[in-house]
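Only the coordinates and a few stated rules stand behind these numbers; no lab work does. Computed from a predicted model, the values in this text were never measured in an experiment. Cβ coordinates were reconstructed from backbone atoms using ideal geometry, including for glycine residues, and neighbour counts include every protein chain displayed.
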Amino acid sequence: MDTTAQQEFRRDQAEPARRRKSLRATLALCLGGLQFVAILSVTLSSFVSSENALLRQSRNSLNEVSVNVISQVKSFLNPARQALDATRRLAENDVLDINDTAALESHFFQQLQVAPQLAGIYLADDTGRFVYVMRSEEPGRYRTKVIPPFPFGSTEHPADYQWRNDRFTLLETSDTLTDTYEARSRPWFRMVTEAKAPIWTQPYIFYTTRQPGITYGVPVLDEAGGIRAILGVDIQIDALSGFLLDIWSERRGAALVLNEDGAVLAHPTLVLIQQGADFDNLELPRVNEIDDPLARKAFGTGSQTGMAGVAGPVHTDFELNGQDYVAMLIEVSEPGLRWLIGLYAAEDNFIGEIKKSRVQGIWIAFSIAILTGAIGLALADRIYAPVRSFASQTRRVSSGEITPEEGLRSPYRELEDTGAALAQEVRQRQRFETAYGRTFDLASRGMAQIAPDTGRFLRVNEQLCDIMGYPPDALEKMTLAETLPEDGQQIAVKFRETLLQDSEFIAENQFIRRDGSTIWLRVNAILIRDENGVPDHAVAIIDDVSDRKQAEDEASRLSRDLSHVARVNLMGEMASGLAHELNQPLSAISYNVDAAKITLEEIGDPDPELTQILSDIDRQSRRAGDIIRALRDVVRKDRGRQSPFELGGLIRQTVILMEAEAREHDITLVYHKSDLPLVTGNRTQIAQVLVNLLRNAIDALTRDPGDGGQITISTQVTEAQVEVRVADNGPGVSDDVTLFNTFDTQKSDGMGLGLSICRTIVKANGGTIWHEPTDASGACFCFTLHRSDRPEEDA
Amino acid sequence: MTSDPLTVFIVDDDDDVRIALSRSLSKRGMQVEGFGDAQAFLDGVGEDARGCLILDYGMPGMDGLELQDHLVRQDSTLPIIFVSGHGGIPESVRATKAGAIDFLEKPFDLSVLIERIEAAMDIGSQLRAAKAHRQELAEKRSLLTEREEQVLQHILTHPARTSSKEIASELGISPRTVEIHRGRIQQKVGVKTMIELYELFGPMQ
């Protein structure tokens, strides 16, 4: 087997891989994926939006806390200020005599009792007088300190102390001469003196209680506007820290109260403020100094640069140790006072739950996605099931296992519609295949499906089996090559090569039948490819052309015979013509010799030598005559034996022989076939007559070419004879030619023997030949042959 | 009847052949007359020519067979010897059927021809004698009247019914009249019995 063709075939089979998606997988993927994406997007969007909402919420919470703290701070500061402002007004209106120390003490005592945040309240003037009521521990709850006026600058001066209980009952007194307190040098005194208006001091650690506090100072003015005295109140703000601790205890965060310098006034962890404070340093620690990393982180940066400029709430976020925090800074608006409330809190305080629920949500979403994915798969399977069933039905219908009516049902209308269309298609195809099969089986010609690569018969019809002489099942196990003779194997190779080039295969060759006899078959095949272009099978139409081949063989045999007969006839006719032409002079010689001999005798005493010469001449002339006669006799004897034969077949074969020559000159040969009886004669000689007449007609038509040259051969049967007419539509016979005469011709290159031979032959076969003038142009030659009553003998 | 010598007529289109043959035959003491074609022979030779004719079979114009046919229709007494350059059996058969005494194929031995000529001369004289006899009878018959000829016709065509009565009923005349006519016929033709009359005219029918 030819390897090139094989490879080619394999390559044809190798189909480019095509990506095909399973409907089921697609459905499942789409359903599950869609579900997943939907859940995820809903979850995430709610997640994001809730986070944003909660961040807002956290800020709101911080705001709320800050408001709370602010109000608390104010509630701390306002009573003190109101108390002091009221005292001032009393003093300025002389309702309260500020020079009356007892009244002052009583008044201050009442004020302290009303406002628990007040640590102490006092009055000082520029004489150095100082009246001070403050809270105490032992021996009484309240202690009064009175310093009488003393000169500014003295280091020591006397002072009286009185301790009272809640009911203002004097419990104990004490005095000292070495008191060192100088009110006039205190910051609040200096600030009020300078401002002549109420002031708040910087917060600081109270010397006595070691608690953070702040002092509010107001001047008591006289009518002229001069300062009569200065009232002050110490507000202990440690309780603020306690409050901060209270309101923030459960949160991971803190609220701070800062002043504008960044000093921490209140912190949930009070000790943080108190730490570092001693008698030398009563200042409050700054926020970036306290032991609160969160506070430092949240507000430290601001405190370094100062808190000035902070008015409305300022929100910041920060992260410490992997924890997110939110922070806020807001001003406390109090006349003469600029405090800031700082708040920070872990983000989790607000969105921790959310975060937790978010993780939970993701897990839930994931679970739901898996669940719904599984449901989607199941659903896809349910959706796909009819499709799968439909596909299986389609396969079975297509393979013919079931009829379209039985299958191709589906709950889906679209599929059912498709099914209906498919069913129709299948029915049509089945009809076609049935028709094809019937055509195949009932064809009058041999048909076969043949594997193009191996040449194996895949399917054969009865006619082919008849032709080949094999039963179908035997033939279908064979290959084309096996039916070919050994010297015809190249046909099988050519078959494969031609078909794989998608060319039509046409060949006539001898094949071997089952009984070993040879048969001429004409094989005509084309290649059928399947829908993917892969060679599937070849369809071959196979005809038995043995008869035609035989006819062609007979025609060619006739042609061979004819050429022999033509030679013989030509020679015979020439001999005959020569004999006539030569006989005349030979006769003359013979007569003259005879006359000469007589003349010689008349002279008397003839010369014997001369007599001998004349006798020799006479003998030689006779010899020449004998040679010619012998030649003519030889030719005559070769006229062949006559026997009955079928004239119609002979005419057909002659036409076959001459058709090519006629076609060459665009001449049509027409033979009106009719049933002819057997005629007697020499078959080959009669063929020669036909050939000569046809050739004459062709020559005539070619000499004078016109449109549609045509030669018509017709026959007519009479009682004893059959008449054959060869008519052409050429120029006809010219007048100056004697037809049938030897050496007389109309042709430029002819010998003038054709018709002469025809005449000789027809005469020898007992018939006559003549030219029949016709009305139309052209020549018409006729000859007759005797009918034969004897059956045709086998040659 | 006459002392005219018998003549050998030669008709052949080939001058050389004709002249050679004429010369050869003349040398043998024969009277020879040659013609180049059939028409010249017909023009130059009368119907009463005596001797024989050596005729070439194939000639242009009127060919040998046609000339033979012509002479037969003229009731010629010239026996014909055909000679042919390419004569075949069919030609010789046709010629012989039409009365030719021989058909020679060229080239032939001259002695054979001379032999044939001598034979032909004898045949010719017989033919001439027969012809003369026929002419004599015809002359005698021409003397008969119309009615006598009718009676003779009846006798010749109905040899079994020759009684006067039968002839009379046939011709619608009286038997007596038939007797008279019969007597006249015998007198004119010169026979004595009805048998003689029949033998004389019978073959001519």
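Worth a mention:
- Over all directions, the projected convex hull of the C-alpha atoms in segment A:550-637 averages 6.6 nm² in area.
- Normalised contact order of segment A:443-544, rounded percent, pairs of Cα under 8 Å and 6 or more residues apart: 29
- Here the label points at residue A:357 and residue A:316, each 7 Å from Cα along the C-beta direction, are separated by 3.1 nm in the simple model.
- Inter-chain neighbour count for A:577-590: the average number of beta-carbon atoms from partner chains within 10 Å of each residue's beta-carbon is 6.
- Distance between the modelled labels on residue A:493 and residue A:167, one decimal in nanometres: 14.5 nm (7 Å Cα→Cβ projection).
- Model label zone, residue B:16; criterion: amide N under 20 Å from point 7 Å along Cα-to-beta-carbon; scope segment B:94-128: B:105-110
- Under the Karplus curve 6.51 cos²θ - 1.76 cosθ + 1.60, θ = phi - 60°, whole-Hz ³J(HN,Hα) for segment A:644-661, x wherever Gly or Pro sits: x, 8, 8, 5, x, x, 5, 5, 4, 5, 5, 4, 4, 4, 8, 4, 4, 5
- Virtual spin-label span in nm between residue A:395 and residue A:717, 7 Å along Cα→Cβ: 7.0
- Contour excess over end-to-end distance, with Cα ends at residue A:364 and residue A:661 and 0.36 nm allotted per residue: 97.0 nm
- Prolate/oblate/rounded label for segment B:1-125 (Cα gyration tensor, a/c 1.5): rounded
- If the chain linking residue A:605 and residue A:95 were pulled fully straight, counting 0.36 nm for each residue of separation and taking away their Cα-Cα distance, it would gain 160.3 nm.
- Taking only Cα atoms of the protein assembly as shown, radius of gyration then Dmax in Å: 81.7, 249
- Where trypsin sites (Lys or Arg not before Pro) fall in DSSP loop in segment B:158-205, at most 12 other Cβ within 10 Å: B:192
- Between residue A:252 and residue A:513, the contour length at 0.36 nm per residue exceeds the Cα-Cα span by 83.2 nm.
- Take each residue of peptide B:14-24, count the partner chain Cβ atoms within 10 Å of its Cβ, and average: the result is 6.
- When A:97, A:594 are sorted by how many other C-beta atoms sit within 10 angstrom of their C-beta, beginning with the fewest, the order is A:97, A:594.
- Here the residues A:667, A:711, ranked from fewest to most Cβ neighbours within 10 Å of their Cβ, fall in the order A:667, A:711.
- MRE, 222 nm, helices only [DSSP H, n ≥ 4, -39500 (n - 2.57), over the protein assembly as shown, to nearest 500]: -16500 deg cm²/dmol
- The mean number of partner chain beta-carbon atoms within 10 angstrom of a residue's beta-carbon across peptide A:612-625 is 1.
- DSSP loop GluC sites (Glu not before Pro) with at most 15 other Cβ within 10 Å excluded, longest remaining stretch of chain A: A:532-718
- Computed from the Cβ-Cβ distance with R0 of 41 Å, the FRET efficiency linking residue A:427 to residue A:30 stands at 0.70.
- Relative contact order (percent, whole number), chain A, Cα cutoff 8 Å, 6+ residue spacing: 8
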